[in-house]
Amino acid sequence: MGARFTRRIWSAVRAPVAVMALSLAPFTGALSACAGQPDGAAAPLAAGRASAGLLATPEGSAPLWLPIPIDIQDLLGRASSLVPVADGAFGASLLFVDEAGDDPQPSFSRDGIPLGTGHRWADDPWAVSLSGVELTGIASGPDRWGASAPAIALTSTAPATDAATTDTRFTKGSDDSYLRRVSFRTPVAPWSLRFDFDELIDQLPEDDLVGAANRHESKFRSARASVSRRMSDGTRLELTHERIRKHKTVLPVHDALHQELWAQRTSLAWRGETPVGRLQAAVFVNGADVEWDRARKLEIAREGVQVELAGRDDGLELGARVMAWRLDDDGTGTAEWAGDDAGPVSSGGQEAAMTALRPLRVGGLRVVPTGILRWHRQAGWNHSASLDLQAADSDRMRLTLQHGGRSPRSDELYTAARVTGAGIEAVLLPQHELGWESLDRAALSWRAGLLGNELVIDGAVRRLRDGIGWRPLAGETVTGRWANEVELDGWNVDLKLRRAGRCAGWARVEGIVSARGHDVKAGTPIALPPERSAVLNVFWEKHWFHEDGILELGYILEHRGGMGDPWLPGDDVRLPSVTLHHVIVGFRLVGVDLGYELHNLTNRRVPVSAGSLSPGQVNRWRMHWTFRH
């Protein structure tokens with residue numbers, strides 16, 4: 001079985017490996033031929049970490065240029081193996097798929113504090129502001145709390161020690177589309193303030209719907225304020241409040257012409273050192289209101305307490321999280337298609353998790369066992385565990401064994417939804433008796449140098465049982481209910497290659513190729529990933545005038561293979577593969593970064609869902625200016 005499984009994986013990955021080698025050969029060959037010393041200050045391409053744009057600054061040089069991420073899809077699509085699938089342009093329904101059987105709704109955290117409400121239709125990834133934050137981690141499989149969904153970790157940009165800092169980012173596109181992003185931070189002091197503002201308006205007069213002409217409009221605005229008190233012993237108390245509003249027209253997957261989303265997030269966090277280790281305690285409240293076609297309105301809120309203690313010198317680490325949520329759905333319009341589940345719904349629930357891990361040294365190995373005990377009001381008790389092994393003095397190879405699985409989301413428990421596309425209308429009815437999923441996963445990461453390149457291979461196999469999927473009602477083909485009956489085996493391999501060095505300037509090439517496979521043994525899962533995807537980033541800079549003048553060139557390729565429509569049950573509606581090319585040209589002068597971005601260079605438009613076309617060619621002027629005062 002092992003040999004047959006190995007041959008099956010190799011037959012699937014050898015084609016993308018060859019494509020990756022051919023794609024990178026001209027760039028890596030050019031770097032090899034360039035004179036000069038390699039960039040020895042470059043940070044390693046860590047397994048499980050978004051690499052694009054995280055290259056360390058060469059000694060004595062200005063910071064390397066980072067293209068402005070317009071939104072979360074732009075950031076993750078070019079920097080990781082996650083495959084974003086959007087039902088149209090900015091603001092439409094958005095999912096991220098990677099490993100078969102994962103929840104396609106990512107879990108976002110900022111400074112370790114969760115941002116969502118636990119409801120798929122309220123936790124809009126577009127509503128995650130990128131102002132004043134940095135992407136610091138992307139993880140697949142069960143996270144430290146046992147849940148199985150892509151975990152996206154964001155960290156607030158650290159303040160300067162001697163001056164206030166204002167980071168401003170602007171882009172301007174055609175048809176009154178623009179981005180305004182401002183982040184202000186006072187210097188490190190007993191009292192510190194920060195303010196982050198994000199506004200994006202996107203308007204495209206294209207034919208976004210298959211077979212119909214519609215002008216779509218998206219408006220997003222976020223404002224976040226934080227006040228921090230730093231004590232003399234280094235401990236810090238921080239209060240953060242954020243308000244968000246998003247407006248979107250034309251949502252094919254919901255068969256809606258308007259959507260309004262209002263969200264707010266408040267947290268109070270205490271961080272500091274104690275006699276037994278580093279302690280972080282936080283109280284948070286997240287809420288969202290969603291309205292479709294100015295008729296149906298959904299309100300959901302989640303509040304919780306989280307405590308994490310990290311012992312000194314690789315000691316015992318403990319964590320505890322308790323959350324409660326409440327949901328109100330007026331059910332307007334559901335009487336036409338939801339049957340007995342139509343009408344208003346008002347409910348709530350609680351969940352809790354406790355984690356413990358202790359790094360150990362066994363011979364020449366560093367072993368990290370983790371145990372997780374979880375409780376969910378509707379699903380009951382559950383436990384998770386993981387074991388992490390790697391050499392004590394090397395990070396060349398790492399093996400991770402995990403057992404976990406997510407609890408049902410609040411939308412699966414209580415919200416009736418309808419999705420459309422390609423003449424198909426599927427009804428997703430709630431199921432109050434859903435239980436835990438059971439996921440077993442083994443992952444192996446290996447990194448090494450290869451002909452002057454840095455190579456990382458991440459592979460994983462998984463076994464999902466009691467997975468939450470869609471079950472059609474008796475005698476029905478388009479109406480069904482959520483059920484714990486998906487049985488799925490899957491695997492994936494990610495190959496990440498990077499080369500950085502001098503080539504008549506500073507140059508870096510990064511490529512990620514992913515191959516996946518799955519075998520659905522029972523049930524009807526939703527949002528299975530494509531078998532192939534790839535990302536290629538090529539950046540080059542030439543520095544002049546003692547680092548005051550810098551010419552910047554960039555090329556980005558994104559490829560997503562054919563896949564089933566991730567919103568419709570089953571795999572009957574297929575989406576074609578899509579390959580996007582982006583070109584970026586810029587110049588930095590006296591600290592101001594000016595540039596031009598041309599997205600979708602070939603202007604190719606393909607279906608990105610059963611009822612929506614991808615945006616065509618998009619051009620943007622950009623400006624990035626950071627000044628201290």
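The values are calculated or read from the model by the stated rules, or taken from the named source; none is laboratory data. Predicted, not measured: the structure shown is a model, and the values here were computed from it. Heads up, the Cβs are rebuilt from the backbone with ideal geometry, glycines too, and the neighbour counts pull from every protein chain shown. Note: areas computed on protein heavy atoms with side chains; ligands, DNA, RNA excluded. Shrake-Rupley method; radii C 1.70, N 1.55, O 1.52, S 1.80 Å.
Couple of notes before you dig in:
- Gyration tensor verdict on segment 92-175 (Cα atoms; rounded if a/c is under 1.5, prolate if a/b is larger than b/c, oblate otherwise): oblate
- For segment 280-310, trypsin sites (Lys or Arg not before Pro) are listed when DSSP marks them as loop and at most 16 other Cβ atoms sit within 10 Å of their Cβ; the list is Arg294.
- Quotient of the Cα radius of gyration of segment 356-420 and 2.2 N^0.38 Å, N being its number of residues: 1.68.
- DSSP-defined antiparallel bridges as percent of all bridges, segment 547-613, nearest 5: 100
- Given the chain, longest segment not containing exposed loop GluC sites (Glu not before Pro) (DSSP; at most 14 other Cβ within 10 Å): 60-432
- Calculated SAXS-style log₁₀ I(q)/I(0) at q = 0.22, 0.25 Å⁻¹ - segment 547-624, Debye, Cα scatterers: -0.94, -1.08
- Once divided by 2.2 N^0.38 Å, the Cα radius of gyration of segment 286-439 becomes 1.42.
- Point-charge dipole on Cβ atoms (K/R +1, D/E -1) for the chain, about Cα centre, debye to 20: 1540
- For the pair Ala281 and Asn603 in one chain, pulling the backbone fully straight at 0.36 nm per residue adds 111.0 nm over the alpha carbon distance.
- Rounded to the nearest 20 debye, the dipole magnitude of segment 454-575 is 220 debye, with +1 charges on Lys and Arg beta carbons, -1 on Asp and Glu beta carbons, and the Cα centre as origin.
- 12 Å beta-carbon shell around Gln390, net charge (K/R +1, D/E -1): +2
- Ordering Gln617, Ala392, Ile556 by the projection of their Cα atoms onto the charge dipole of the chain, which places +1 on the Cβ of Lys and Arg and -1 on the Cβ of Asp and Glu, puts Ala392 at the extreme positive end.
- Along each principal axis, taking the top coordinate minus the bottom one, the Cα set of the chain gives 71, 62, 59 Å in descending order.
- Largest to smallest accessible area among Phe545, Phe220, Phe170 [probe 1.4 Å]: Phe545, Phe170, Phe220
- Positive-end extreme of charge dipole, the chain - chosen from Ile201, Val573, Leu66 (charges on Cβ): Leu66
- Assigned charges on the beta-carbon of Lys, Arg, Asp, Glu; segment 227-298 dipole about Cα centre (debye): 160
- Relative contact order (%) - the chain, alpha-carbon pairs under 8 angstrom, separation at least six: 13
- Cβ-based net charge around Asp167, under 14 Å, with every Lys or Arg adding one and every Asp or Glu removing one: +4
- Here Phe539 sits with roughly 10 square angstrom of accessible surface, probe radius 1.4 Å.
- With every protein chain in place, the chain: carbon and sulfur % of accessible area (1.4 Å): 58
- Evaluated at q = 0.11, 0.15, 0.18, 0.21 Å⁻¹, the base-10 log of the normalised Debye intensity for segment 210-330, with identical point scatterers placed on the Cα atoms, takes the values -0.58, -0.82, -0.99, -1.16.
- With R₀ set to 56 Å, the beta-carbon distance separating Thr161 from His383 gives a calculated FRET efficiency near 0.80.
- Largest accessible area first, the listed residues Trp65, Trp621 line up as Trp621, Trp65 when surface is computed with a 1.4 Å probe on the assembled protein chains.
- Checking every one of the trypsin sites (Lys or Arg not before Pro) in segment 570-626 against DSSP loop status and a limit of 15 other Cβ atoms within 10 Å picks out Arg604.
- Listed pairs Lys172/Lys246; Lys246/Lys297; Lys172/Lys496; Lys248/Lys496 exceeding 24 Å between Cα atoms: Lys172/Lys496; Lys248/Lys496
- Spatial extent of segment 77-133: Rg and Dmax, with the Cα atoms as the point set, Å: 11.7, 33
- Shape class for segment 128-209, computed from the alpha carbon gyration tensor (a ≥ b ≥ c): oblate, with a/c not under 1.5 and a/b at or below b/c.
- Stretchable slack from Ala324 to Ser577, in nm (0.36 nm times residue separation minus alpha-carbon distance): 87.0 nm
- Rg over Rh for segment 247-310 works out to 1.29, both radii taken from alpha-carbon positions and Rh defined as the Kirkwood radius.
- The residues of segment 257-416 present an accessible area of 48 Å² per residue when probed at 1.4 Å with all protein chains retained.
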